[in-house]
Amino acid sequence: MTSPATGQPAYVRIAAEWAERIDSGNLRHGDQLPTRDELAEQYGVSKTVIRDALGLLHQDGYLESGTRRGTRVYRLRRFELPMYVLEADDRGRDAFEDAVKAQGGSPYQHIRVETVAPNPQIVEALNLEAGELATVRRRLRTIDGVPYCIVDSYFPHALVRGTAIENPENIQRGGRHVLRENGMEMVRHHDTIRSRRPHAREISELGISAGLPIIRHDRLSRTAEGKPVRFMMSVFPSDRWEITYEVER
């Protein structure tokens with residue numbers, strides 16, 4: 001069944017209408033939707049159309065699956081991440097954790113560190129020589145026990161060998177201070193932001209739906225001399241974050 005007004009299938013139009021209600025805040029996390037019978041009567045369509053509309057919303061991460069209490073909205077709290085402060089101060093603490101705590105959240109991070117043969121993107125970003133290794137700190141950041149982002153930070157292995165960067169522990173003062181203490185202060189940062197479908201690892205670690213877009217944020221950091229010392233790749237579920245910047249002329 002296609003809507004004559006829009007030329008779209010009815011299930012797409014219905015799903016878009018409910019997505020707008022959720023995105024606008026008229027419906028919140030845990031709110032229950034009408035039953036399929038009620039929705040079919042409301043829109044004058046078959047229950048098959050309603051099933052397809054709800055299926056699309058499930059796929060895009062708007063609805064909670066597998067509940068016995070009916071179909072409920074799944075929209076966790078959004079946090080603001082002020083990207084402009086992550087490298088800009090000397091507080092001597094993890095700026096991400098400070099930002100989350102300031103908003104009433106309880107942050108935690110699961111960390112593992114690997115020495116890897118980097119892919120071509122990392123080789124180019126860090127200006128590595130052929131065969132040169134990279135050290136990567138892989139972090140799954142949670143808020144109140146819920147996965148909220150994945151952050152992979154790559155460094156030239158020779159540059160960070162023997163430093164706290166290599167230890168799979170939380171660096172309370174932040175990795176940027178470790179680099180500064182070792183004569184590699186980051187003073188220039190180039191950001192790239194894009195949106196795409198999540199990959200298999202992201203779906204698994206973040207516990208998100210396959211149809212929920214993610215925000216991919218890349219930051220290449222250099223010293224005053226222009227040497228690239230860190231390439232940070234962050235993945236944010238699009239329903240859980242507002243990425244903010246502040247610009248001064």
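The values are calculated or read from the model by the stated rules, or taken from the named source; none is laboratory data. A quick note: this is a predicted structure, and the numbers were derived from the prediction, not measured. Don't worry about glycine lacking a Cβ; one is built from the backbone with ideal geometry, like all the others, and counts go over all protein chains shown. These area figures cover heavy atoms from the full protein model, side chains too; ligands, DNA and RNA do not enter into them. Shrake-Rupley method; radii C 1.70, N 1.55, O 1.52, S 1.80 Å.
Worth a mention:
- With respect to the conditions (1) closer than 22 Å to A99 by Cβ; (2) open to solvent by 50 Å² or more (accessible area, probe 1.4 Å), D239 lacks only one, and its number is (2).
- Restricting A130, A134, A117, A125 to those that are surrounded by fewer than 18 Cβ atoms within 10 Å (Cβ to Cβ) and modelled with pLDDT of 95 or more reduces the list to A117.
- The residues of the stretch 158-178 that are under 24 Å from R216 (Cα atoms) and buried (at least 19 other Cβ atoms within 10 Å of the Cβ), listed by number, are I165, G174, G175, R176.
- Among the residues of the stretch 222-236, those that are surrounded by fewer than 23 Cβ atoms within 10 Å (Cβ to Cβ), of a type outside the set (A, V, I, L, M) and out of contact with any helix residue (DSSP H, G or I) (no Cβ under 7 Å at 6 or more places or on another chain) comprise R222, T223, E225, G226, K227.
- Residue match in the stretch 189-197 (condition: of a type in the set (G, A, S) and over 23 Å from D98 (Cβ atoms)): yes
- Subset of the stretch 92-114 [in a loop (DSSP other than H, G, I, E, B) and modelled with pLDDT under 95]: G92, R93, D94
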